[in-house]
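> To start, I am sharing the structure in question, which I have written as structure tokens.
Throughout, read-outs are computed from the coordinates displayed, never taken from laboratory work. This is a predicted model, so every value here is computed, not measured. Note that each Cβ is placed from the backbone with ideal geometry, even for glycine, and that neighbours are counted across all protein chains shown.
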Protein chains: 2
Amino acid sequence: MAIRLDYLTPGFEEAFAAFLTTKREVSEDVNAVVRQIIDDVRQRGDVALAEYTRKFDGLDFSVTGMAVTADEIDAAIEAVPSEVLGALKVAAVRIEAHHARQRPKDDIYEDSMGVGLGSRWTAIDAVGLYVPGGTASYPSSVLMNALPAKVAGVERIVMVVPANGGVINPAVLAAARMAGVEEIYRIGGAQAIAALAYGTATIAPVAKIMGPGNAYVAAAKRQVFGTVGIDMIAGPSEVLVIADRDNDPDWIAADLLAQAEHDVGAQSILITDDAAFAAAVEAAVERQLRTLPRAETASASWRDFGAVILVPDFDVAVPLANRIAAEHLELALADADAMIPKIRNAGAIFVGRHTPEVIGDYVGGSNHVLPTARSARFSSGLGVLDYMKRTSILRLGADQLRDLGPAAIALARSEGLEAHARSVAIRLNLGGEG
Amino acid sequence: MAIRLDYLTPGFEEAFAAFLTTKREVSEDVNAVVRQIIDDVRQRGDVALAEYTRKFDGLDFSVTGMAVTADEIDAAIEAVPSEVLGALKVAAVRIEAHHARQRPKDDIYEDSMGVGLGSRWTAIDAVGLYVPGGTASYPSSVLMNALPAKVAGVERIVMVVPANGGVINPAVLAAARMAGVEEIYRIGGAQAIAALAYGTATIAPVAKIMGPGNAYVAAAKRQVFGTVGIDMIAGPSEVLVIADRDNDPDWIAADLLAQAEHDVGAQSILITDDAAFAAAVEAAVERQLRTLPRAETASASWRDFGAVILVPDFDVAVPLANRIAAEHLELALADADAMIPKIRNAGAIFVGRHTPEVIGDYVGGSNHVLPTARSARFSSGLGVLDYMKRTSILRLGADQLRDLGPAAIALARSEGLEAHARSVAIRLNLGGEG
């Protein structure tokens, strides 16, 4: 049974504030062992990779090779049901089309003084994409991570995926092919992150590493950060559904459970203005749980982190939603559009009764890699910009330097940086050598 | 004497690769003491802040107060020489105008299926800006960090600056006023970062913390990351100058020294195609060092990390520059413009003989907070986007859900996420409860 909070009850603010800071993850401290693995891969390269892969994944590269071959990818595609292939294609086309709109434009201009200024965007040369093995090996995540890189123009996209017991999800390989990823290695864990960051004889290093992983992968990404870029470390997923009484309680319950089945640390929150509707949703959750394959995970998540928040009206829901800063926000309201401009903090907003969050997980076109754990207050979902970087450009002629130089000299001297002052002054014959 | 590398010498590649990975910073491990300070401020709030400030900065809040008053800022402005105030104003106007062009546009549209999609940008609600005390208390950095926040529309910008012995650089307060920052506290170190991240009775928490600081500040930012956002942790500054023989060696030497005077870990690199020119620049560096106030720092930096790289022609300089991925890249070449499109990795490019990097530090208009330590391979300088976040919006009606739903169901089932499948299926009367 999820927690119940009533806005009109004394003590609500304290209870809500405590709810907001509830930790939903026990972070294992695996830093020492990860440090060792990374150092080992840096020193011994492919040999270390082979040893760790034999040990952790039960795989022998002398039999399988490290790289996944084009023939293997072809065979994998044959093995994926055509319905799933078709669905992946629908998703890929929509994701690519949406992300193409995110491509930034260069801005090169001359200001009224004649100073040339510019912002020039370039793709990152090479990125690594980590794909987990086992049950969390999701083809949809391959599309969501790789397609923005493709749209950005990244020339080299390297995928790593552990093949526990030799097996890679064929749909993952099919998704990789659709996203234009052809360089794939059957490695995982901290050793794969180390190989991507520092390179080995087989694997050239990349400049940035993306994608989700377990505690070892997350710790490894943190440790190699600086040598390479990394994406945000994602926490357990969450949804906030703001729903009025005119919804079918079963639809809303299904949405709460879709989030809860991800992980015992996932979080599903309902905000509504009607106690009877809230009770009906809660009852529907219990009823639907009975037939759910992942009922154990979903019921633990709902019990430990689920919440039903009763509000007197939806105006007070807005500041609550902004404080929750949910990864996914569903507005199942008669006039959902009216609330959008008031929402400041949310990873993604799903508008109206016919937009379950799950559409965004797969085929909506927007990205499903979104900020978790209230980080939508300060960060954004994955996009094309995450695969690019901006170089600023400045160009002065002798005239512009004469106009602007004295101000630069004054500021440099006021900051005690005389060599700064002189590098301008010497060009203006103002006593560069003091 | 800086290191000399000659592209045509056997062993160049090994020497260059080793040069690239040279560490220029000893990172002190202050994590344990920083952890203690943060925990203490979280628990005891203002009381802990007052104690640490008395201990580290010799300041008594019962005398000075924690907040800097508007009267103090007025008085500080009076104390700044008018030439410096005028130069700050020139800088502020130019920085604001350039950054205004970085403001992102929302993109809300309906695709051919009738699916509503959108990217909506909002400013971060509140940001904290750390400004170091002492000699590194730079008004230019206040402008560079605060003005993009102002342009982004951040409603609350909080500045913290330690007042060692009671003193805050008046130009820093003047710059804060120009950038619209009025909430300023005389605190610093890890305790200031903790107060910004978790809040105290006096200071409401922020959502993101920006700005440079010492090892304690950097460690504290890393530790509070997740609770709040942070900017990149900057390393020592660096410049790469690509110069032909037609430059005045004294101008180029002055540019190399402007970078070197920052820090003993700073790095200045010259790439040229003419050995005699290289020797002339080296001689000019030695000569100019004699009269430089910060000669000790600059000569240590030049000796330990400076480099002169001789190339047979400037075509081979391009891949070297892209591997160096310098924070600052000067192109002091006859046809500098021709090289720009070939440069993939650089924080900022300064084009031509009349654009010393120092102009970009102060009055060019572009930001001087740029990626260091080769991170221009995967990241960008500070900009307006760093103070905003993007929320994606998805809107389907019943028709669109009927069209797209089956693909989502197929993918969810193939990923073993039945509750995901049902949250769509239930809306399509396709057996939501299995």
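> In nm, one decimal, shortest first: how far is the label point of residue B:47 (7 Å from Cα along Cα to beta carbon) from the matching points in the other copies?
Distances between equivalent label points, in nm: 5.9.
> Translational D (Stokes-Einstein, µm²/s) of region A:225-277 at 10 °C and 1.306 mPa s when Rh comes from the Kirkwood sum over C-alpha pairs?
122 µm²/s
> Ok, one more. Between residue A:388 and residues 5 or more places away or on another chain, which pairs have amide H atoms under 5 Å apart, with H built 1.01 Å from N, and which residues are they?
For residue A:388, the qualifying residues are A:124.
> May I pose another question? Along Cα→Cβ at 7 Å, what distances in nm separate the residue B:323 label point from those on the other copies, shortest first?
5.5
> Which residues make up the longest stretch of chain B clear of trypsin sites (Lys or Arg not before Pro) that lie in a DSSP loop with no more than 15 other Cβ atoms within 10 Å, not counting the sites? It would help to have the intermediate numbers written out before the result.
Values: sites that count: B:23, B:101, B:105, B:245, B:290.
That would be B:291-434.
> If you count, for every residue in B:247-254, the Cβ atoms of partner chains within 10 Å of its Cβ, what is the mean?
That works out to 4 on average.
> Pick from B:18, B:76, B:195 the residue whose mean-square fluctuation is largest in a GNM of chain B, springs joining Cα atoms under 10 Å.
Taking springs between Cα atoms under 10 Å, the residue moving most is B:18.
> Taking the label point as lying 7 angstrom from Cα along the Cα-to-Cβ axis, what are the distances from residue B:21 to the corresponding position in the remaining copies, in ascending order and in nanometres?
4.4
> On to the next question. Apply the Debye scattering formula to the protein assembly as shown, with a single equal point scatterer on each alpha-carbon and no solvent, then give log10 I(q)/I(0) at q = 0.11 Å⁻¹.
At q = 0.11 Å⁻¹ the computed log10 ratios are -1.34.
> Tally Lys/Arg at +1 and Asp/Glu at -1 over every other residue whose Cβ is under 12 Å from the Cβ of residue B:334; what's the total?
Taking every Cβ under 12 Å from that of residue B:334, the sum is -3.
> For the rotation that superimposes chain A on chain B, which residue of A has the C-beta lying nearest to the axis, and at what distance in Å?
Closest Cβ to the A-to-B rotation axis, residue and whole-Å distance: A:385, 4.
> Hey, can you grab everything whose amide H is under 5 Å from the amide H of residue B:108? Only 5+ residues off in sequence or another chain; H modelled, so Pro and N-termini drop out.
So residue B:108 has HN proximity to B:119.
> Amide H to amide H under 5 Å from residue A:274: which residues, 5+ apart in sequence or cross-chain, H placed 1.01 Å off N in plane?
Long-range HN contacts for residue A:274: A:311.
> Right, another one. Return the aspartates and glutamates within reach of residue A:55: Cα separation strictly under 15 angstrom, same-chain partners fewer than 8 residues apart disregarded; answer none if there are no such residues.
Filter leaves A:40, A:46.
> Listed here are the pairs B:150/B:208; A:208/B:105; A:89/A:150; which of them are more than 22 Å apart at the Cα?
A:208/B:105
> So how do B:423, A:392, A:112, B:379 line up by other beta-carbon neighbours within 10 Å, fewest first?
Numbers: B:423 32, A:392 25, A:112 6, B:379 18.
Exposure proxy ranking, most exposed first: A:112, B:379, A:392, B:423.
> So what are the three principal axis dimensions of chain B from its Cα atoms, in whole Å, longest to shortest?
That gives 83, 62, 42 Å along the principal axes, largest extent first.
> Follow-up. Would you list which aspartates and glutamates come within 12 Å of residue B:23, measuring only between C-alpha atoms, while excluding same-chain residues fewer than 8 positions from it?
Here the aspartates and glutamates satisfying the reach criterion relative to residue B:23 are B:304.
> Same structure, new question: So what are the radius of gyration and Dmax for the Cα set of region A:28-126, in Å?
Rg, Dmax (Cα atoms, Å): 23.2, 67.
> Using θ = phi - 60° and the Karplus relation 6.51 cos²θ - 1.76 cosθ + 1.60, list the HN-Hα couplings for region A:87-102 in order, rounded to whole Hz, with x at every Gly or Pro.
5, 4, 5, 4, 4, 4, 4, 5, 5, 5, 4, 5, 6, 4, 6, 8
> On to the next question. When the expected Rg is taken as 2.2 N^0.38 Å, what fraction or multiple of it is the alpha-carbon Rg of region A:1-77?
2.11
> Report the rotationally averaged projected area of region A:282-434 based on its alpha-carbon convex hull, in square nanometres.
16.7 nm²
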